[in-house]
1. What about Val444, is it assigned to a strand (DSSP E or B), over 17 Å from the mean Cα position of the chain (by Cα) and more than 16 Å from the ligand (Cβ to nearest atom)?
2. Looking for whichever is within 16 Å of the ligand (Cβ to nearest atom) and either closer than 15 Å to Asp514 by Cβ or out of contact with any strand residue (DSSP E or B) (no Cβ under 6 Å at 6 or more places or on another chain) (or both) here; the options are Gly87, Gly118. Which one fits?
3. Within the stretch 357-399, can you find the residues that are within 28 Å of the chain's Cα centre (by Cα) and part of a loop (DSSP other than H, G, I, E, B)?
4. Could you please give the count of residues in the stretch 412-451 that are surrounded by fewer than 16 Cβ atoms within 10 Å (Cβ to Cβ), among the hydrophobic types (A, V, I, L, M, F, W, C) and out of contact with any strand residue (DSSP E or B) (no Cβ under 6 Å at 6 or more places or on another chain)?
5. Mind counting the residues in the stretch 236-253 that are in contact with a Ser or Thr (Cβ under 7 Å, 6 or more places away or on another chain) and more than 16 Å from the ligand (Cβ to nearest atom)?
6. Can you tell me which residue is surrounded by the fewest Cβ atoms within 10 Å (Cβ to Cβ) among those in the stretch 499-518 that are away from the ligand (no atom under 16 Å from the Cβ) and of a type outside the set (A, V, I, L, M, F, W, C)?
7. Failed condition for Tyr266, given (1) touching a Ser or Thr at 6+ places or on another chain (Cβ under 9 Å); (2) surrounded by fewer than 19 Cβ atoms within 10 Å (Cβ to Cβ); (3) not in a loop (DSSP other than H, G, I, E, B), with all others met?
8. Just checking, which of Gly641, Gly666 is of a type outside the set (Asp, Glu) and closer than 24 Å to Trp230 by Cβ?
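Laboratory data are not the source of any read-out in this text; all were calculated from the coordinates shown. Everything quoted here is computed from the prediction, not taken from an experiment. Positions of Cβ are backbone-derived with ideal geometry, glycine not excepted, and every protein chain shown enters the neighbour counts.
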Amino acid sequence: MKFFSISAFHTFILSATHYRVGLLLPGASAQAQAQYLRQGREYAAGVDNSFRLLLREGIIDAIPTSICESLRKPAAPQGKNVILVVGDGMGWEMIRAGAIAKKVIDELVALGVDIKKGATGDKATTAKAQFAGRTLDDYYKSGKGSGLSFQELEGFNVITTSTPLIGDATPGNHYGAARSMLGDVEGHDNGMAPLLKDKKGKPLVFDPRDIFKGGNMVLWDDAKGGAYPWDENYFKVADGNQTSKHFDPEFILQHAIDSANSASAYSTGVKSSVNMMGVDLYENPVRTILEEALSCDKSGGVVTSVPILHATPGAFITHTNNRRNKHHLQDGFREVQPTFAMGTCAGIYQPSKELKQSMIDGGLKSSHSFLFQNAAVLAEDFYDSIQDKDPDDGHHVLACFGGEYSGNTKLENMPFRGLDSSYSGRWCSQGSVVKDEDDLPIGVTPTTPPQLCDHWPQNELQNIPHMKENVVEALKFLGKDNNGFFMMFEQGDIDWAAHANSMDDLLGAMLDIDDSVSEIMKWIKDNGGYEKNALYVTADHDHYLTLLPHFPQVIANLIIDGLSHNITPKNNSNVNTWDTAIKAGRHNDNSKKSQTEHLKDFATWSDADIQNVAHFFGPPGSGGNGWGSHSTRPIVMHHQGDDGCLDALVGKGYRVLGQEVKGSTGKVDQVHVHACMMRQLFNL
Ligand SMILES: [Zn+2]
């Protein structure tokens, strides 16, 4: 792959006359003025919204005059409950790894093998014989697949995760740039910067074309990246075979989306850039689907295995140009007040101290239940106090784990259970960067401690409900709302495990999301089915994982031997290869060396490690743990209760700042998902 740079913009100071000018209605009431001002800010000139998208594409006949319209007409059919499940970083190959692991576990359990301890003697011999020669061919090699709860849902689509890219690419083209139409998002609050200008000194106009054609969109290319995430070229390269002419295994390594702007596309239907959430490309706040639900007297909830105001849940609650802007995050939570919020409460990614205190002994005491991890409360009693609470009485629930509520460890994600579901013993992968005499990184040495270590202290696990139990409690509470609800549940640590190249943690997180969706599907069955509920299970972006043909046999043998933690090699380093390579200036290297070869210099798995675990991260040949970052490869969506909305939008384009962006053949985009969720939630 050749490295390219997009021509730099010259940014001059512009006295910012802004979108707010000229919006007020003469003679209107203060309330109408405020409403108009808000609408104006949300849908500034040229900005599209999901209502207009649905109308344009013929999904709806007319836009209702009010979003709450159907609720105000008791005789009209009500919208559905909408449940969005996001496996953060859960690409198609992660789903396949989880599905195979689940099937292998079920089969081993039937053979009497103890998943946590393994088996010995005849039992082990019989089990190993049953899995001898078992390959990916015995499971599935394309499409929807089976093995996990959500793969039983009827609907299936492929989704593009295109991010806008304003101005220069990042060093090494690693992620899309964290830059709005006002420049770098770091260092100022929403809207508090002049507009970017083009070379002629005019305010920059968004160009909806692909970046390779001089535009501002990172669009998907079927020829270079494959028409589907299971494109056979990825496996041909892994086998050392010839690929089709235009296929480039390094194509997906450039300009990835991050979880903030990705989730924001789901929550608002509006595209923003990396690090931005709940705002448009001009940093104007855009109302999220959760806020729309609350405004129509429905409930809105977020459940996550990572911090409550981390990117994915944060994008449904807050409005910020920068996901690390603490006061935007905390102000957002205070202003929106989701009906139910559960996750870890760590660092800046949690409601403020003052707000939590107010739920304990202040003004919010009677209307809010603040539950938190506490050595005196067992997991099974954790939600006892909210059993008779009801959102129709204006009640809210906030549940905090980890962070300041967990001993000395300040853990930021819920306990990883691992492939053996023991919540104990895993390789705590570590590595140290090796530098040359000029202080430039030249390699990485794994320094993983020789003993397995626990993710969470064992004594705290008794105080932590499993993820599926948190999901069940959220559904129980939100489901009491007579007007229905929107809920977003995120298994956020699939992404964290993939960043760390840890298959053990990743498979445990996949088992978690599988269990939780299984509970959601049960709840839907008992509460009106898909006539009354719509369920969407998807990801926010892919990483770069490839399974080798003997993956199923490897999983089975490691479990039988009681060595399942070795599915993550001990040589894993938890040092990001491309970050390190960029620090070494490799992205500016003019030699003939490919990006894959540069990555390999900083990867730490041996060839034997790759064979022993039957998978690798990164482009083939990059060394096993040769990536550890997001990619642009499209993701998949399993769904039911969507009533044909997504299917009708396959291949369609969408608008960014009023400009038409081309759709990708055979796929929908994330903004289409928002439109379809809105349609179901409000019976549009
Ligand atoms: Zn990530």
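1. yes
2. From the options Gly87, Gly118, the qualifying one is Gly87.
3. Gln373, Phe382, Tyr383
4. So the answer is 1.
5. 4
6. Per the stated criteria, the residue is Ser518.
7. Among (1) touching a Ser or Thr at 6+ places or on another chain (Cβ under 9 Å); (2) surrounded by fewer than 19 Cβ atoms within 10 Å (Cβ to Cβ); (3) not in a loop (DSSP other than H, G, I, E, B), the lone unmet condition for Tyr266 is (2).
8. Only one candidate qualifies: Gly666.
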